[in-house]
Amino acid sequence: MEKDEIRTGLQVAEIKRDLVDNLFYLLGKFPEVATPNDWYLAVAYTVRDRLLSRWVKSAHEYYETKARTVCYLSPEFLIGPQLGMNLLRLNSEQSFRQALQELGLNLDDIIEHEEEPGLGNGGLGRLASCFLESMATLQVPAIGYGIRYEFGIFDQELRDGWQLEVADQWLRLGNPWEIGRPDIRFDVQLGGHTEPYHDSEGRYRVRWIPDYVVQGTPYDTAILGFGVQTANLLRLWKAEAKRSFDFRLFSAGDFYGAVHDKVESENITKVLYPNDEPVQGRELRLKQQYFFVSCSLQDMIRLYLQREQTLDRFHEKFAVQLNDTHPSLAIPELMRLLVDEHLFDWDTAWGIAERTFGYTNHTLLSEALERWPLGLITRVLPRHVEIIYAINQRFLNKVRLRFPNDEDKVRRLSLIDESGERYVRMAYLASVGSHAINGVAKLHTRLLEEEVLPDFFEMVPEKFSNKTNGVSQRRFLLLANSRLARLITDAIGSGWIKNLEDLRKLEPFALDAAFRERWRQVKHANKTDLAAHIERVTGLVVDPASLFDVHVKRIHEYKRQHLNILHVVTLYNRLKRDRFLDITPRTVIFGGKAAPGYFMAKLIIKLINSVADTVDRDPDMQGRLKVVFIPDFNVQNAQRIYPAAELSEQISTAGKEASGTGNMKMSMNGALTIGTLDGANIEIREEVGAENFFLFGITTEEVADLSRRGYRPRAIYDSNEELREAIDSIASGAFSPQQPDLFRPLIVLRGSGALDNDVYSKCRKDRKVFVRSRHSRVLPRHLEYPRGSSAASLKGINVKQLLESIRSIVGKKSGGDGFPMTTHFMSGRRRYLCRTFVLEPESKRGSKAARFQLTDREIEAVQHLADGLNTGTIRRTIFRTSSLRKQDFPVPQR
Ligand code: NBG
C-alpha cells in the first residue's frame, strides 16, 4: 500500500485497517472490548481523516488565490448529524458499510448512535448550516463563525403529554468532528470604563479599561462540499478564563474565589438561549453576542495580516454577513478595532465597515426585534456605546440633510429609541452599518421595506433586496430520502443533486405509470419506517396506508398548531356524529419544541397530546383518525419525518412567517402543501402550481385590516356551529376530564390570539384534501401516484356524464381529442382558456380506472356536482372563489 493512502484511502481494506488503528491509537481500545460509542468515534475519526486532506488543500488554495471569503456570523448553526452526510460527500458509504460488516458491525446502527449538535433553535440556525454546505459545494470560500455552546437546545421528552426539557449534553461522549485550536486565541474585554487621551501625534483617542478579560478558543469543523474537493470551515468559539486559577486567593484560603474567574468566563458559552422568550435583560446573552463577534473579527484581522501590511482593503477580502441582528455588535466592534487599535481615522474605518457588512433580517415579529437597554450595554460595553452614539450622530446628520425640518423622522430613524427607557435598536444598527439588507422571501422583503424599515427604505432603497431562503437537497433529499433519490436519479440522472432546477425534468414522468408506481412504493416504504419510529418512541401504532398529515416546526402561536388541532377536533366531532362518514384515513403528525418559558406553546403541546390520547382510545376512530406528537424534533428526526409526509401544514397567520424552510423540505419530498399566503409558501405555490397547493386563509392585508377594524372572534364562534362545538368541547374538558379547565387559557374569544376567520376556512379547504386524496391526488400533479382506483372512489358517478357536466359548466371543449384537454370559459365579456382536466384513456392505463387529474377548481366542481348543486350556482361559486388568476390563461377574444 502506498504511504499516502494511509488515512485517506477509500478501499474497503484501507478503511478497515484505519478503523482498527483509530480505535487502538485514539481510543485505546481493541475490537473485542469496544463499546458502540467507541466504534462510532473510530468511524467518525476515520471519516474525518479523509475530510482533512481536502480541507487543508482548500484552505491552501483559498490562501493562494486570495479569494474573497464569506464570513457568516451566526450565533446558531444547527448542523445536524455529520457522519451520514460526510460519507455521502466522500461517496464512500458502501465501502464503509462493507468494512464495518467485515468487522461484524452495522453502519446504520453507528449512524444512529451519533448525537447531533443542537446549536440552534430552528430555521435560522438550520439555514446557516445549509448555506455553509451549499457554499462548499459551489466552491465559494466561506467561514461560519459561531458559538460552541456546551449545552445546545434542550432535548424534549414528554411526560403525561407535557413537554419536559432535558439538558442537551452533546459533548459528553466527545465530539470527533471538531478540532480545537488553542494556538489561536483572542482576548475579549468586558465591563469597565473608557478614558480619552492624546496619542504621540497629538490626536484624540479613547482607551477602554475593562473590568475583566475572557479568552476565546476556536473549535473547527470541516464542512465538505458535495462532489468537489472543497471544504469550508465552521469555527465556533468557546469562552475560557484568561487565568483559570488564582493562586493568590487559593493560598489565602478562598478556594471558591480561586476558580471564580473560570466559572464566570466559561458561563458565556455554556448554554444556547431558546428563542421566543424575552432576552432583553439578559446580560449573559449580550456578552455571548459580543464575545463571538469580537473573536471572529479578530480572527479575520489575523488572517488578513498574514498576507497584507495594513487593513485598508479588509472589505475586499471579507464579506461579513450578519445572520439576523444578533451579531450586529460586529459593526461597532470592527470600528473599535480599526479606530482604537489600528489607529484608523473614523471616516476611513466607516468606509471599510460599511463595505464589509451585509444584514439579513429573519423576522417581522415586533417582540423578536432585538433592542438592548442602553444602561445594560453601557455597563457591559462602555466603549461600544460611545461608538454607537458616534455612528448615530453622523447618520442622523445625513437624515437631517436629506429631510430638513423633519425631526419626527429623525426620531424614528435614530439608533436609540428614546420613547421611554432608552434602548439601542439593533436592526437599525445593522441597517446603517451594512451596504446590503435583505429579507428571506418576497413577501417578507416587501413587508420589511414597507413596515419594519420604511424610513430606511425611503432613504436608501438601493440597499434592499430579496434573497428567498433555500435548503440543501443533499441533506434533505439525497441523504434523508435515499429511496426517492434513487428513483429520481434513475429517471433523470444525478444532475439534480447539485442543480435543483433539474427536477423539472421529472414532469413528463407524471404520465409514466411505472414511475408513479415506484413513487408510491417509495412513499409507502418511508411511511412504514416512520410508523416504526413512532411506535418505538410513543407506543402508538399508526397505519402507513393512512394519509400522513404533518405539522412539524417550533411551537408558536403564529405558526398556529392550535388551528390545526382545532381542525382535528372538528374532524373528530364529525366522525363521531356520522359513523359512516367516508373519509381518507388520516394520521395527523405533530412535532416541535416550545420555549421553556412559553406557557401557551407548552399548553398547545399538552392539548395535542390530550386529543391524541382521546382519539387513540376511541374505537370509533380506528382506521379513520389518529393523532401523534413525535417528541424531540431535531435535524435527525426531521430527516425521518419529511420523506414520509404527504400533506405539509404551513398555516401561519399571513405576514408572520418570514420564510419557512420546512415547507421547502417537505415539498421536495413530494408532499402537497396546505397553507396560507405567507413567507415562501407563496413562491412554492408558484413553482408547484396552484393546483398542487391547498390555499386557504386571509391575506396579510386582510390580517392588517382585521386588526385595524377590530378583531372579533366571538362573532365567528357564534355563527359557526361546528367551530363552536369544537371550542366548547376543548373548553369544557372533553380532552381533560380530570382537569376540565386545563385548556381554558387557550380559549380567548376576545383580543388577538387563537381564533380568526382562518379556522373556518382551513376546515373548508381541508375537505378538499379528503376529496382530492380520494381522487388519488395526494401528490403534485407531476409527481403523483395513484391510491386505488379513482373510478371506484367516484362511485355512483357516471364518468361520461360527469365529463359532459363539467364541460357544460366550464365551457366548450377545445383541443380535439388529445389530452391534456383544455376548455374555454367566459367571464363577463372575456373568454379565457382554461386547462380543465387531464383524462387518461383507459386503454393506456391497462386498468379499468379512468383517472382524473383535477385542478382545485375541478374538484370543487365535482364535489358540487356530487352534492347536487345546479350548474348556475356552481359557476358562480367556483369562479368567484377561484384562486386562479385570470392573467394565467388569458385568451382575450373580442
Ligand atoms: C426564522 C423565521 C423563519 C425563517 C428562518 C430562516 C428567526 C428569527 N427567524 O420563517 O421565523 O425561515 O428564520 O430565515 O428564527
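Counting only strands (runs of 3 or more DSSP E) wholly contained in region 148-248, the ones carrying 2 or more residues that are over 24 Å from the mean Cα position of the chain (by Cα) occupy 178-180, 186-190, 193-198, 204-209, 212-224, 231-241. What number of residues in region 176-206 are surrounded by 12 or more Cβ atoms within 10 Å (Cβ to Cβ) and touching a strand residue (DSSP E or B) at 6+ places or on another chain (Cβ under 8 Å)? Summing the residues that are surrounded by 12 or more Cβ atoms within 10 Å (Cβ to Cβ) and touching a strand residue (DSSP E or B) at 6+ places or on another chain (Cβ under 8 Å) in region 176-206 gives 18.
Residue-level analysis places residue 542 among those that are among the aliphatic types (A, V, I, L, M), more than 20 Å from residue 668 (Cβ to Cβ) and touching a Lys or Arg at 6+ places or on another chain (Cβ under 6 Å).
Scanning region 327-361 for residues that are open to solvent by 30 Å² or more (accessible area, probe 1.4 Å) and either under 34 Å from the mean Cα position of the chain (by Cα) or within 14 Å of the ligand (Cβ to nearest atom) (or both) yields 350, 354, 355.
Checking each residue in region 359-370 for being at pLDDT 95 or above and either out of contact with any Leu (no Cβ under 9 Å at 6 or more places or on another chain) or of a type in the set (Phe, Trp, Tyr) (or both) picks out only 359. Restricting attention to region 316-326, the residues that are of a type outside the set (D, E, K, R) and within 16 Å of the ligand (Cβ to nearest atom) add up to 5. Restricting attention to region 278-326, the residues being assigned to a loop (DSSP other than H, G, I, E, B), more than 23 Å from residue 434 (Cα to Cα) and open to solvent by 40 Å² or more (accessible area, probe 1.4 Å) number 8.
Take residue 390 and decide whether it is at pLDDT 95 or above, within 16 Å of the ligand (Cβ to nearest atom), closer than 24 Å to residue 329 by Cβ and part of a helix (DSSP H, G or I). No, not satisfied.
All of (1) surrounded by 16 or more Cβ atoms within 10 Å (Cβ to Cβ); (2) outside any loop (DSSP other than H, G, I, E, B); (3) of a type in the set (Val, Ile, Thr) hold for residue 471 with one exception: (2). Considering only residues that are part of a helix (DSSP H, G or I) and open to solvent by less than 10 Å² (accessible area, probe 1.4 Å), look in region 433-444 and name the one that is nearest to the ligand (Cβ to nearest atom). In this case the residue turns out to be 444. Listed by position, the helices (runs of 4 or more DSSP H) enclosed by region 580-680 that each have at least 3 residues that are within 16 Å of the ligand (Cβ to nearest atom) are 662-668.
Taking residue 573, is it under 18 Å from residue 162 (Cα atoms) and either open to solvent by 10 Å² or more (accessible area, probe 1.4 Å) or among the polar types (S, T, N, Q) (or both)?
Answer is no for this residue.
Only a single item in (1) over 25 Å from residue 447 (Cα atoms); (2) open to solvent by 20 Å² or more (accessible area, probe 1.4 Å); (3) under 18 Å from the mean Cα position of the chain (by Cα) is not met by residue 721, and it is number (3).
Checking each residue in region 338-387 for being aromatic (Phe, Trp, Tyr) and part of a helix (DSSP H, G or I) picks out 346, 350. Restricting attention to region 198-254, the residues being touching a residue at least 24 places away in the same chain (Cβ under 8 Å) and hydroxyl-bearing (Ser, Thr, Tyr) number 5. Condition first: within 16 Å of the ligand (Cβ to nearest atom), in contact (Cβ under 8 Å) with a residue 12 or more places away in the chain and over 20 Å from residue 129 (Cα atoms). Can you find one or more residues in region 305-314 that meet it? There is no residue in region 305-314 that is within 16 Å of the ligand (Cβ to nearest atom), in contact (Cβ under 8 Å) with a residue 12 or more places away in the chain and over 20 Å from residue 129 (Cα atoms). Inside region 249-277, can you point out the residues that are assigned to a loop (DSSP other than H, G, I, E, B) and of a type in the set (A, V, I, L, M)? Selection gives 252, 268, 272.
Scanning region 517-538 turns up no residue that is surrounded by 14 or more Cβ atoms within 10 Å (Cβ to Cβ) and assigned to a strand (DSSP E or B). Here residue 447 fulfils each of the conditions (1) open to solvent by 30 Å² or more (accessible area, probe 1.4 Å); (2) part of a helix (DSSP H, G or I) apart from (1). Does region 590-609 include one or more residues that are among the polar types (S, T, N, Q) and open to solvent by less than 10 Å² (accessible area, probe 1.4 Å)? For region 590-609, residues among the polar types (S, T, N, Q) and open to solvent by less than 10 Å² (accessible area, probe 1.4 Å): absent. Residues in region 51-81 that are surrounded by 15 or more Cβ atoms within 10 Å (Cβ to Cβ) and touching an Asp or Glu at 6+ places or on another chain (Cβ under 7 Å): 2 in all.
Looking for whichever is farther than 23 Å from residue 390 by Cα, within 16 Å of the ligand (Cβ to nearest atom) and not polar (S, T, N, Q) here; the options are 285, 302. Which one fits?
From the options 285, 302, the qualifying one is 285.
When restricted to residues that are away from the ligand (no atom under 16 Å from the Cβ) and part of a helix (DSSP H, G or I), region 85-134 contains 22. Of the residues contained in region 151-171, one or more are found to be away from the ligand (no atom under 16 Å from the Cβ), within 30 Å of residue 34 (Cα to Cα) and among the β-branched types (Val, Ile, Thr).
The values are calculated or read from the model by the stated rules, or taken from the named source; none is laboratory data. Being a predicted model, the structure only gives us computed values, none of them experimental. All Cβ positions, even for glycine, are placed from backbone atoms using ideal geometry, and neighbour counts span all protein chains on display. The protein model used for the area step is the full one, side chains on, heavy atoms only, and it has no ligands, DNA or RNA in it. Shrake-Rupley method; radii C 1.70, N 1.55, O 1.52, S 1.80 Å.
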